[in-house]
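These notes are about the structure you will find just below.
The values are calculated or read from the model by the stated rules, or taken from the named source; none is laboratory data. The structure displayed is predicted, hence computed values, not measured ones. All Cβ positions, even for glycine, are placed from backbone atoms using ideal geometry, and neighbour counts span all protein chains on display. With ligands, DNA and RNA removed, areas are computed over all heavy atoms of the protein, side chains included. Shrake-Rupley method; radii C 1.70, N 1.55, O 1.52, S 1.80 Å.
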Amino acid sequence: MSLLLEPYTLRQLTLLNRIAVSPMCQYSSVDGLANDWHLVHLGSRAIGGAGLVFTEATAVTADGRITAQDLGLWNDEQIEPLQRITRFITAQGAVAGIQLAHAGRKASTWRPWLGTHGSVKPADGGWVPVGPSSIAYDPEHTKPKQLEESEIADIVQAFVDAAKRALIAGFKVVEVHAAHGYLLHQFLSPLSNQRRDQYGGSFENRIRLVLQVTEAVRAVWPEELPLFVRVSATDWVEDGWNPDETVELARRLKSLGVDLIDVSSGGTAVNAEIPTGPGYQTRFAERVRKEAGLATGTVGMITEPAQAEHILRTCQADIIFLARELLRDPYWPLHADDDLGGHKAVWPAQYQRATHREQPIHESDLRD
Ligand SMILES: Cc1cc2nc3c(=O)[nH]c(=O)nc-3n(C[C@H](O)[C@H](O)[C@H](O)COP(=O)(O)O)c2cc1C
């Protein structure tokens with residue numbers, strides 16, 4: 001029997017299986033609003049059998065968007081189009097999750113497929129981003145404006161307001177995005193945070209904002225529903241944020257009521273040399289799980305059902321996050337069930353005449 005396809009419970013929420021659609025920006029919104037693209041994109045992955053379907057990084061403020069086309073939840077108008085999507089995901093037996101984010105100094109960039117690196121300047125319709133310190137991500141990015149303490153408090157409140165809207169929109173899991181070199185990670189890393197106030201310098205000071213956001217979101221997120229935090233375990237450069245700090249941060253987050261740490265890596269340093277390969281980040285999830293004693297998700301070049309099953313069986317992580325593999329094959333969870341011999345996954349009734357490649361065509365298949 002496969003663990004991958006087994007139900008998994010966190011607080012009072014049970015997922016159909018341990019496969020999550022990793023958050024993936026679609027750069028397809030106008031004014032932060034979800035639309036038909038998001039419905040079909042996320043809905044397809046729910047039809048495909050993933051137990052947990054996350055939205056892309058959803059901006060808590062307009063200037064916290066990576067691109068002007070990001071999804072957002074900074075106003076009430078943005079709730080209703082998301083409700084339509086969570087309703088559909090839920091009807092497929094999946095759980096809808098939302099990743100809440102602020103891009104900080106990496107805000108106001110071009111959609112990636114345009115092939116233009118760096119910031120969209122204000123003259124071209126972009127804006128000046130904010131960050132912990134006035135240090136640009138790289139020479140192609142606009143130097144951010146250093147946040148005042150009062151503005152930091154506003155950002156904490158923006159996460160809280162977005163979490164409340166997410167609940168109304170029908171999401172059952174919130175993930176705070178503190179990875180990939182975006183705002184919260186920028187505060188964690190000494191490479192991007194050179195403040196001298198209570199938010200910079202020591203480890204205690206650099207983790208302060210992530211803890212404040214998490215605590216404030218937990219306070220408005222229902223007791224019976226889980227809260228995740230995505231972290232980058234390492235900046236992959238000397239003097240950057242590192243795995244030991246990640247483990248200690250995870251301990252603190254656990255004490256604030258975080259249920260799962262979704263462990264990724266990188267995103268702060270342009271010069272980082274990342275030794276990628278199958279499951280290259282999983283060892284960090286394993287460390288956090290063992291040393292901080294809470295559930296972890298792992299992500300990164302996981303493509304094979306047997307690989308995912310091995311990660312779970314060897315107790316390295318509790319949930320498998322898949323990103324690009326689910327773009328290539330939205331039905332990966334249903335195929336994985338076949339591969340692992342479980343035959344537990346239920347194909348949508350509408351597709352049941354096509355569940356196995358070797359299934360012979362039957363006269364009744366031709367009657368319509
Ligand atoms: C198109 C695309 C968009 C992404 N957007 C996000 C995002 O919004 N939030 C996030 O945390 N990670 C984002 N990621 C990273 C993925 O969630 C994942 O961590 C990464 O792709 C590694 O997993 P994979 O090897 O299964 O693709 C994105 C990745 C891709 C390919």
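Here D239 sits with roughly 120 square angstrom of accessible surface, probe radius 1.4 Å.
What's the carbon and sulfur percent of segment 8-355's accessible surface, probe 1.4 angstrom, rounded to a whole number?
Exposed carbon and sulfur together represent 51 percent of the surface.
Mind checking which aspartates and glutamates have their Cα closer than 19 Å to the Cα of K254? Skip sequence neighbours fewer than 8 apart in that chain. Cross-link targets: E175, E204, E215, E223, E224, D244, E245, D262, E286, E291, D318.
Dipole orientation for the chain: of the candidates V213, F187, P348, V213 has the Cα lying most toward the positive pole (charges on Cβ; Lys, Arg +1; Asp, Glu -1).
Given a 1.4 Å probe and heavy atoms of the protein chains only, how would you sort S22, S202, largest accessible area at the top?
Working: S22 5, S202 55 Å².
So, going from the largest accessible area down, we get S202, S22.
Computed from Cα positions, the angle between helix 79-91 and the longest principal axis of the chain comes to roughly 30 degrees. Taking the charge dipole of the chain about its Cα centre, with +1 at Lys and Arg Cβ atoms and -1 at Asp and Glu Cβ atoms, the residue from F284, Q12, V160 reaching farthest to the positive side is Q12.
How big is the charge dipole of the chain about its Cα centre, in debye rounded to the nearest 20, if each Lys and Arg gets +1 on its Cβ and each Asp and Glu gets -1 on its Cβ? Walk me through the intermediate numbers first.
Numbers: 35 positive and 46 negative charges, 49 e Å.
Value, rounded to 20: 240 debye.
Across the chain, the mean sequence separation of Cα contacts (distance under 8 Å, 6 or more residues apart), normalised by length, yields a relative contact order of 16 percent.
Provide the per residue accessible area, probe 1.4 Å, for segment 240-352, rounded to a whole number of square angstrom. List each step's numbers first, then the result.
Details: 4820 Å² over 113 residues.
With all protein chains present, segment 240-352 gives 43 Å² per residue.
Peptides 183-189, 220-226 ranked from most to least packed, by the mean per-residue count of other Cβ atoms within 10 Å: 183-189, 220-226.
So how strong a dipole does segment 1-110 carry about its Cα centre when Lys and Arg Cβ are +1 and Asp and Glu Cβ are -1, to the nearest 20 debye? Don't jump to the answer; show the numbers that get you there.
On the way: 8 positive and 9 negative charges, 77 e Å.
The calculated dipole for segment 1-110 is roughly 360 debye.
When +1 charges are put on Lys and Arg Cβ atoms and -1 charges on Asp and Glu Cβ atoms, the dipole computed for segment 238-342 relative to its Cα centre reaches about 260 debye. Accessible area per residue for segment 138-235, computed on protein heavy atoms with a 1.4 Å probe, is 35 Å². Between the Cα long axis of helix 36-47 and the first principal axis of the chain there is an angle of about 50°, rounded to the nearest 10.
Highest mean first, the peptides 133-143, 291-301 sorted by other C-beta atoms within 10 Å per residue fall in the order 291-301, 133-143. Close amide H partners of S119, meaning residues 5 or more places away or on another chain with modelled amide H under 5 Å apart, are H141, T142. At full extension, V346 and Q83 could sit 92.2 nm farther apart than now, given 0.36 nm per residue minus the alpha carbon distance. One quarter of the convex hull surface built on the alpha carbon atoms of segment 8-355 amounts to 16.4 nm², the projected area averaged over directions.
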